[in-house]
Amino acid sequence: MFKRLGLFVSIAMVSIVVLAACGGDDDGNGNGGDNGGGDSIDMEMGEMYFDPDSISADAGSSLTINFENAGNQLHDFTIDDLDGERIHVEVASGEEDSVTLSIPDDTGDIEFYCTIPGHREAGMEGVLTVN
Ligand SMILES: [Cu+2]
């Protein structure tokens, strides 16, 4: 009699522990991540393109862009004026880099491009749409 009750209590306690562990895991996933709660996208650059060349983000949020230069020469990702700040990230051929943008509160389109002479004209430009 006591033995059976003891077994039942043990199973009940194990169940509680398992449930608690699952809850903890969910919490960790929700709050964790490397992007500080903002969005994160991958962008490839090369001759002469950004892929994707059209990206979007929510006003007032943050957006991390992970660049990979799949081309044979240096490229950069430049925004002349992001809420008063100039963004300029150079990525050498075969290299990776990233930048976290503070997205402005105002909605609208913001152009980005590669500053290396001739590249923008050849197609290295795109648009960041703030929603
Ligand atoms: Cu370029």
Residues of region 90-112 being open to solvent by 30 Å² or more (accessible area, probe 1.4 Å) and in contact with a Phe, Trp or Tyr (Cβ under 8 Å, 6 or more places away or on another chain), in sequence order, are Glu96, Asp97, Ser98
Could you please give the count of residues in region 62-77 that are within 11 Å of the ligand (Cβ to nearest atom) and either in contact (Cβ under 8 Å) with a residue 60 or more places away in the chain or open to solvent by less than 50 Å² (accessible area, probe 1.4 Å) (or both)?
5
Residue pairs qualifying under the 6 Å Cβ cut-off, at least six apart or on distinct chains, with the first in region 109-122 being assigned by TED's automatic domain parsing to the domain that holds Asp58 and modelled with pLDDT of 95 or more and the second being polar (S, T, N, Q) and surrounded by 14 or more Cβ atoms within 10 Å (Cβ to Cβ), are Tyr113/Thr78; Thr115/Thr78
Of the residues in region 45-61, those that are open to solvent by 60 Å² or more (accessible area, probe 1.4 Å), farther than 16 Å from Thr115 by Cα and assigned to a strand (DSSP E or B) number 3
Mind counting the residues in region 102-131 that are assigned to a strand (DSSP E or B), away from the ligand (no atom under 16 Å from the Cβ) and closer than 15 Å to Ser54 by Cβ?
7
Somewhere in region 70-78, is a residue over 19 Å from the mean Cα position of the chain (by Cα), at pLDDT below 95 and part of a loop (DSSP other than H, G, I, E, B)?
no
Within 18 Å of Asp42 (Cβ to Cβ) and either within 15 Å of the ligand (Cβ to nearest atom) or touching a Phe, Trp or Tyr at 6+ places or on another chain (Cβ under 9 Å) (or both): does that describe Asp80?
no
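The values are calculated or read from the model by the stated rules, or taken from the named source; none is laboratory data. Everything quoted here is computed from the prediction, not taken from an experiment. Here the Cβ is made from the backbone with ideal geometry for all residues, glycine too, and neighbour counts use every protein chain on show. Side chains included, ligands, DNA and RNA excluded: accessible areas come from the protein's heavy atoms. Shrake-Rupley method; radii C 1.70, N 1.55, O 1.52, S 1.80 Å.
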